[in-house]
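Novice: Structure in structure tokens, see below.
The values are calculated or read from the model by the stated rules, or taken from the named source; none is laboratory data. Predicted model, so just to flag it, every value in this text is computed and none were measured. Heads up, the Cβs are rebuilt from the backbone with ideal geometry, glycines too, and the neighbour counts pull from every protein chain shown.
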């Protein structure tokens, strides 16, 4: 029996984002300096995904430059790029692969043409290597020596088209990060490390419940404390500026504040779960004479918790403002901050600074907006830092969700598959809606919300399971939410994959064979075969241990995880081995891809076994990594084996790909090791 | 305001600071030494891990007064000029870093571990508490083993 393809088979979120960005995709800036360095000004954010290295490899290959001669600085916010400066949706390599190569190939053609003019020889006889143009007689001109001439070449005398794959030296070869030395020596600078003159260390006192408001303030003691420079009020709280963060934090503790409870102050986890259960649309198919299997799943709120807390430097002066922060959506940030300050957009400069992790957190510019408000109110530059506690209690969360799945089956076939997802509303107001509209989606005509559009563009069942239907119900709550690495797939597809295991067992079939027989994508079947073989699927395991698999495809990539888990101590289950196989089309940097897949495994272990956030009467209980149990070394496997399929076709996205499959493999291994059917995640919460 | 003198990365420094100011903010806000990162402020994430008299410690939970007269080494003081420490080399060889924010602390923790335990087992490495939110743990493990074996895994 065949299933119906979902919308993402035809057009996925990434395709839509590429469409939106196409009109400005050629506006990349590649600069060759007189010193011979090639700088590709990247209209994206580096947060650890290794993008700057992948882009440097593409540039170096097309230019025939040494990799060490290529720099990839992050562009300031460039409003003329419209929808083409949004880092998200695992879309950066997919959307930049062609434009970056085209820009570098064009630059190479102009450098060659400039050399031909200089030597007065035919350009067609020249070649490039090692950041230089070479003549047949052995003469050599470095790119730096040709930069000025090349800039005035209008019509290159040699083709400006990217190379065929077999002539590339770097793409596809495992390559270390271009910023590795800066990182290991402590020289890599994040927003909090910048020394912007006069920027006062600043923290904000926040309400006792989410979205509470200030009722009363007595700052007299705080203002008199050593080092305190100012105390100013902003909509989200009370800012304290001081000479050091220590003094700002101590003065913040000395503020006497009372707060009006926020709009969700009477809500706790149990209430949210009950509301989610009540939000579902009913199943279409009541069980009649057909055998069926139902499953219900709860996923907790999960904080993004990037290592670098939200930090932003703002310098707001009369008539202009300048900001420095790790921005995934700098154009929307610039527009919003300009409106907030009453300035024209052109008077606001957003400098994009590398970020210490994100996982979706930096799609929003919460700290930058506050920093701008504070700098304006205090009349001086500020360096605002959210403490870890601030971001745990008032930051954004992967929304809690509830899933109800019903599969009907008969005669060895899955006949129908209904998935009802109910989630606390995900805030997607970071420029994605504008991009989708730019790509031609008229959400109001379609009569669906942005979240529904996102859900439809990303969620699909990859198996032939009869007629799959997937519906999203959103619970609007005034909580801070946001996309968390892999967004809806991080729960929807995990629940599906757990059900695939349970249905296989119900139907008396092996979990891997059951998937393999139904997976529509041949490349996906090859991945299942690879992990089953390399991971010795089905090998006898000691009591309390088991294997588990998970599969996922999205954003032009596909991946299978097989993990072995030891649940002998149920309070401390541990994944002891992982075998991963991935096919993301053309891989730029296999080492970078492996890093993403390994990180996704760590996420899967965390959200399934350990890490979540409790809502208690309108405030989140967890305050730091002491009680938000993101995986540590002891929770992750000593052995991780990764198999990458040979490159084919266009590059797929890989930043988020691994999370659903890894999460599912961990959950399925736990179920098999314990003989239980876990329904609520994280399991040890 | 009291003054405190200690050795920082091989050089004697004197700062004016309240006795109870955590060393992390003395380093970052008064001395401009930003390799040690703030990740929690309560000694849990260990992104600020540095060395006090050669032992790993968290500057976010040690006051400047407690460091007076002692020797502090941050990530900036680990290399010998342009010659990296073998653990830094191993980190590059294994391409450990993703976002990089926790890595100064991870490296300082690994250096201290290898001083105590030159040939650590997996169980020894499991004792490391430093968070890496990017999940680079397998490569951290690989890099520690590589450094332990003198760069030849």
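Novice: If we keep just the residues of the range A:344-369 that are more than 14 Å from chain B (Cβ to nearest Cβ) and out of contact with any strand residue (DSSP E or B) (no Cβ under 6 Å at 6 or more places or on another chain), which is farthest from residue A:597 (Cα to Cα)?
Specialist: A:344
Novice: From B:29, B:19, B:66, grab the single residue that is surrounded by fewer than 16 Cβ atoms within 10 Å (Cβ to Cβ) and closer than 30 Å to residue A:623 by Cα.
Specialist: Values: B:29 fails: surrounded by fewer than 16 Cβ atoms within 10 Å (Cβ to Cβ); B:66 fails: surrounded by fewer than 16 Cβ atoms within 10 Å (Cβ to Cβ).
Sole residue among the options that is surrounded by fewer than 16 Cβ atoms within 10 Å (Cβ to Cβ) and closer than 30 Å to residue A:623 by Cα: B:19.
Novice: Quickly run through the range B:9-22 and pick out the residues that are over 11 Å from residue B:74 (Cα atoms) and either in contact with a helix residue (DSSP H, G or I) (Cβ under 6 Å, 6 or more places away or on another chain) or assigned to a helix (DSSP H, G or I) (or both).
Specialist: Selection gives B:15, B:17, B:19, B:21, B:22.
Novice: Related question: Restrict the check to the range A:296-318 and report whether at least one residue is more than 14 Å from chain B (Cβ to nearest Cβ) and modelled with pLDDT under 95.
Specialist: No.
Novice: Can you tell me which of A:232, A:155, A:210 is farther than 30 Å from residue B:82 by Cβ and free of Cβ contacts under 8 Å to residues at least 60 places away in the same chain?
Specialist: Just a single option satisfies the conditions, and that option is A:155.
Novice: Conditions: (1) within 7 Å of another protein chain (Cβ to nearest Cβ); (2) surrounded by 20 or more Cβ atoms within 10 Å (Cβ to Cβ); (3) touching a helix residue (DSSP H, G or I) at 6+ places or on another chain (Cβ under 8 Å). Residue B:144 meets all but one. Number of the miss?
Specialist: For residue B:144, the failing item is (1).
Novice: Next question. Would you check which residues across the range A:227-249 are assigned to a loop (DSSP other than H, G, I, E, B) and either more than 12 Å from every other protein chain (Cβ to nearest Cβ) or buried (at least 20 other Cβ atoms within 10 Å of the Cβ) (or both) and list them?
Specialist: A:227, A:235, A:236, A:244
Novice: Okay, moving on. Limited to the range A:160-169, what total is found for residues that are surrounded by fewer than 21 Cβ atoms within 10 Å (Cβ to Cβ) and either within 14 Å of chain B (Cβ to nearest Cβ) or assigned to a loop (DSSP other than H, G, I, E, B) (or both)?
Specialist: Step one: of the range A:160-169, the residues surrounded by fewer than 21 Cβ atoms within 10 Å (Cβ to Cβ) are A:160-161, A:163-169.
Still in the running and either within 14 Å of chain B (Cβ to nearest Cβ) or assigned to a loop (DSSP other than H, G, I, E, B) (or both): A:160-161, A:163-164, A:168-169.
Total meeting the criteria: 6.
Novice: Is it true that residue A:306 is in a loop (DSSP other than H, G, I, E, B) and surrounded by 24 or more Cβ atoms within 10 Å (Cβ to Cβ)?
Specialist: On the way: in a loop (DSSP other than H, G, I, E, B): yes; surrounded by 24 or more Cβ atoms within 10 Å (Cβ to Cβ): yes.
Taking the combined requirement at face value, the residue satisfies it.
Novice: With the requirement that a residue be assigned to a loop (DSSP other than H, G, I, E, B), surrounded by fewer than 22 Cβ atoms within 10 Å (Cβ to Cβ) and touching a helix residue (DSSP H, G or I) at 6+ places or on another chain (Cβ under 8 Å), what does the range A:207-226 give you?
Specialist: A:225, A:226
Novice: Out of curiosity, is residue A:139 surrounded by fewer than 21 Cβ atoms within 10 Å (Cβ to Cβ), more than 30 Å from residue B:35 (Cα to Cα), out of contact with any strand residue (DSSP E or B) (no Cβ under 6 Å at 6 or more places or on another chain) and within 14 Å of another protein chain (Cβ to nearest Cβ)?
Specialist: No: the conditions fail for residue A:139.
Novice: Among the residues that make up the range A:255-273, is at least one of them within 14 Å of chain B (Cβ to nearest Cβ), under 22 Å from residue B:22 (Cβ atoms) and surrounded by 15 or more Cβ atoms within 10 Å (Cβ to Cβ)?
Specialist: No, that holds for no residue.
Novice: Looking at residue A:472, is it without any contact (Cβ under 8 Å) to a residue 60 or more places away in the chain, buried (at least 18 other Cβ atoms within 10 Å of the Cβ), more than 22 Å from the chain's Cα centre (by Cα) and within 22 Å of residue A:15 (Cβ to Cβ)?
Specialist: no
Novice: Next question, about the same structure. When you go through A:326, A:321 one by one, which is the residue that is away from chain B (no Cβ under 14 Å), under 29 Å from the mean Cα position of the chain (by Cα) and at pLDDT 95 or above?
Specialist: Only one candidate passes the filter, namely A:321.
Novice: Which of the residues that make up the range A:309-341 are without any contact (Cβ under 8 Å) to a residue 12 or more places away in the chain, outside any strand (DSSP E or B) and in contact with a helix residue (DSSP H, G or I) (Cβ under 9 Å, 6 or more places away or on another chain)? Full working, then the answer.
Specialist: Step one: filter the range A:309-341 for residues without any contact (Cβ under 8 Å) to a residue 12 or more places away in the chain, giving A:317-318, A:339.
Keeping just the survivors that are outside any strand (DSSP E or B) gives A:318, A:339.
Within the range A:309-341, A:339 is the sole residue that qualifies.
Novice: Given the conditions (1) in contact with a helix residue (DSSP H, G or I) (Cβ under 7 Å, 6 or more places away or on another chain); (2) outside any helix (DSSP H, G or I); (3) surrounded by 19 or more Cβ atoms within 10 Å (Cβ to Cβ), report the number of the one that residue A:497 does not fulfil.
Specialist: With (1) in contact with a helix residue (DSSP H, G or I) (Cβ under 7 Å, 6 or more places away or on another chain); (2) outside any helix (DSSP H, G or I); (3) surrounded by 19 or more Cβ atoms within 10 Å (Cβ to Cβ) applied to residue A:497, the lone miss is (2).
Novice: Report yes if residue A:68 is within 14 Å of chain B (Cβ to nearest Cβ) and over 20 Å from the mean Cα position of the chain (by Cα), otherwise no.
Specialist: Answer is yes for this residue.
Novice: Also, quick follow-up: When only residues in the range A:171-184 that are crowded, with 22+ Cβ neighbours inside 10 Å and part of a loop (DSSP other than H, G, I, E, B) count, which is farthest from the other protein chains (Cβ to nearest Cβ)?
Specialist: Top of the filtered list is A:171.
Novice: While we're looking at this one, here's another question. Determine whether the range A:275-288 contains at least one residue that is part of a helix (DSSP H, G or I), at pLDDT 95 or above and within 14 Å of chain B (Cβ to nearest Cβ).
Specialist: No: zero hits.
Novice: Does residue A:150 satisfy the criteria of being over 26 Å from the mean Cα position of the chain (by Cα) and in a helix (DSSP H, G or I)? Before you say what the answer is, go through the steps one by one.
Specialist: Numbers: over 26 Å from the mean Cα position of the chain (by Cα): yes; in a helix (DSSP H, G or I): yes.
It is true that residue A:150 is over 26 Å from the mean Cα position of the chain (by Cα) and in a helix (DSSP H, G or I).
Novice: Could you grab me the full set of residues in the range A:620-656 that are crowded, with 20+ Cβ neighbours inside 10 Å and more than 14 Å from chain B (Cβ to nearest Cβ)?
Specialist: Hits for the range A:620-656 are A:620, A:651, A:652, A:653.
Novice: If I filter the range B:23-34 down to residues being within 7 Å of chain A (Cβ to nearest Cβ) and not in a loop (DSSP other than H, G, I, E, B), which single residue comes out as farthest from residue A:391 (Cα to Cα)?
Specialist: B:30
Novice: Here are the criteria: (1) outside any helix (DSSP H, G or I); (2) facing another protein chain (nearest Cβ under 10 Å); (3) touching a residue at least 40 places away in the same chain (Cβ under 8 Å). Tell me which single one residue A:604 does not satisfy.
Specialist: With (1) outside any helix (DSSP H, G or I); (2) facing another protein chain (nearest Cβ under 10 Å); (3) touching a residue at least 40 places away in the same chain (Cβ under 8 Å) applied to residue A:604, the lone miss is (1).
Novice: Please work out which residue is nearest to residue B:106 (Cα to Cα), limiting yourself to the range A:190-199 and to residues that are assigned to a loop (DSSP other than H, G, I, E, B) and within 7 Å of chain B (Cβ to nearest Cβ).
Specialist: The qualifying residue nearest to residue B:106 (Cα to Cα) is A:190.
Novice: Going by the structure shown, is residue A:276 buried (at least 19 other Cβ atoms within 10 Å of the Cβ), assigned by TED's automatic domain parsing to the domain that holds residue A:371 and touching a strand residue (DSSP E or B) at 6+ places or on another chain (Cβ under 8 Å)?
Specialist: no
Novice: Right, here's the next one. Can you spot a residue in the range B:54-61 that is farther than 27 Å from residue A:388 by Cα and surrounded by fewer than 24 Cβ atoms within 10 Å (Cβ to Cβ)?
Specialist: To start, the set of residues in the range B:54-61 that are farther than 27 Å from residue A:388 by Cα comprises B:54.
Going one step further and asking which of them are surrounded by fewer than 24 Cβ atoms within 10 Å (Cβ to Cβ), we end up with B:54.
Within the range B:54-61, one or more residues are farther than 27 Å from residue A:388 by Cα and surrounded by fewer than 24 Cβ atoms within 10 Å (Cβ to Cβ).
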